[in-house]
Amino acid sequence: MPADDNTADCILSENVRRDVFVVIAAYNEERAIEEVAGGVTKLYPNVVVVDDGSRDRTFQAAQRGASFVLRHAVNRGQGAALQTGIAFALSKGAKFIVTFDADGQHRVEDIQHMVAPIAKRDCDITLGSRFLGNTIDMPTSRKITLKLGMLFTRFVSQIDLTDAHNGFRAFSRRAAEKIDIKLDRMAHASEIIDIVQATGLPYREIPVEIRYTEYSLAKGQSASGAFRIVIQYLLGRVLQ
Amino acid sequence: MIQLTTLIAEIAPLSTPDPAHQTSQHATLFQIILVAGAAFLLIATIVAVIKGWATRREGLLWAVVCVAAGVTVSNPGIIGKLAKGLGIGRGADLLLYIAVVVMLIGFLMVYTRLRQIRREMTLLVRELAIRDAVTSSQTDTPDGRHAT
């Protein structure tokens, strides 16, 4: 692989980077996935894209950018797709697993900050927080929805986080082995927080930058979507 | 819903203490058909359990339903008496309440089953996705390093 100009700036050694598996769940992301996955692949050779039964050409586009592409035969939701990617990464011997969004709102540069504390064995799980870091062009409505989500998490899961609903997370192998996402759809974000707490493994929040673009906003959750997620999550907790 | 409305329509006129319908002790044609139907279902249930098509628990549940149907159809007053005993005004009301409770239990059972099927489907889809994973040739193969 040709040396990339970013490589020099990366605080992780090449050996560590080869042990990192970046899992990206993609649903109807043919426009963004090749560039997003390709951007990650430059620094991290092991990128796992899980095409969650997209109706467009996400599967084909992902193969031009990622080293591993998996396809759900039918759409099962983001939580299910992430779990598939995590299971696959573990089967390939991943030592660190990072979950990354497919719509380009996360920055490749932030992956190193997510993985470094785990590589140094300071903690087993890192959770990206957009409220600790810079956030570019976040609309007020999105901000209010996220803050409410955070209060909800604080109340229901008894955990104090600044940003509970960020798709940017990193896990050590032993943490990833304990993760079994059962809520297939969007409510998995709250579920992961519960799992993180249940594992008893040390976690830390890491400031990350989120870029809000027209594309990523259209792909994100609206306030009504957030309400639906709360219902799914609560039903899941009651009926587990 | 269709089941509920027809159920009420069928049972309500029988359970109301209407003297016009209860003058004679002779069974009406309606009662004969329904009792015969209930008896047939009861026999079918017993056969199904013997042949192993249904579990004993399912068979018992159906048998209770069949016997209850037969008894209430042949003695229309019984539900009204039962309702009065429970402090519910009319027999039709008691039937409505029972129907609502049974339906809610039914919905919950179907929902639980649906969740279970969804879960199994996800596990199946995951299994297939991992089995058929595409490894892109354009990057250097990290497979070899982690070969198990």
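Peptide A:179-188 has a mean of 1 when you count, residue by residue, the C-beta atoms of other protein chains within 10 Å of its C-beta. The alpha-carbon positions of region A:71-202 define a convex hull whose volume is 119 Å³ per residue. Shielding value for B:102-115 is 1, the average number of Cβ atoms from other chains within 10 Å of each residue's Cβ. Extending 7 Å from Cα along the Cβ direction at B:T112 and again at B:A39 yields two label points whose distance is 3.6 nm.
Plainly put, chain A has a radius of gyration that is 0.93 times its Kirkwood radius, both from alpha-carbon atoms, as the Rg/Rh ratio. Build a GNM of chain A with springs between Cα atoms under 10 Å apart, and of A:D124, A:D101, A:D56 the one that fluctuates most is A:D56. When you count the other C-beta atoms within 10 angstrom of each residue and take the mean per peptide, B:57-65, A:26-34, B:71-79, A:190-198 line up highest first as A:26-34, A:190-198, B:71-79, B:57-65.
Across region B:65-72, coupling constants 3J(HN,Hα) worked out from phi with the 6.51/-1.76/1.60 Karplus curve, θ = phi - 60°, read 4, 5, 5, 4, 5, x, 5, 5 Hz, and Gly and Pro carry x.
For the residues of A:72-82, the average number of beta carbons from a partner chain within 10 Å of their own beta carbon is 4. Taking amide H atoms as placed 1.01 Å from N in the peptide plane, the amide H of A:Y212 lies under 5 Å from those of A:I136, each 5 or more residues away in sequence or on another chain. The calculated FRET efficiency for the pair A:L235 and A:E177, based on their C-beta separation and a Förster distance of 22 Å, comes to about 0.25.
Could you compute the FRET efficiency for A:F155 and B:R90, with r as their C-beta to C-beta distance and R0 at 41 Å, rounded to 0.05? E between A:F155 and B:R90, to the nearest 0.05, is 0.35. Estimated purely from DSSP H runs of n ≥ 4, each contributing -39500 (n - 2.57), the mean residue ellipticity at 222 nm for chain A is -12500 deg cm²/dmol once divided by its residues.
Each value in this text was obtained by applying a stated rule to the coordinates, not by laboratory testing. Quick caveat: nothing in here was measured; it's all calculated off a predicted structure. Note that each Cβ is placed from the backbone with ideal geometry, even for glycine, and that neighbours are counted across all protein chains shown.
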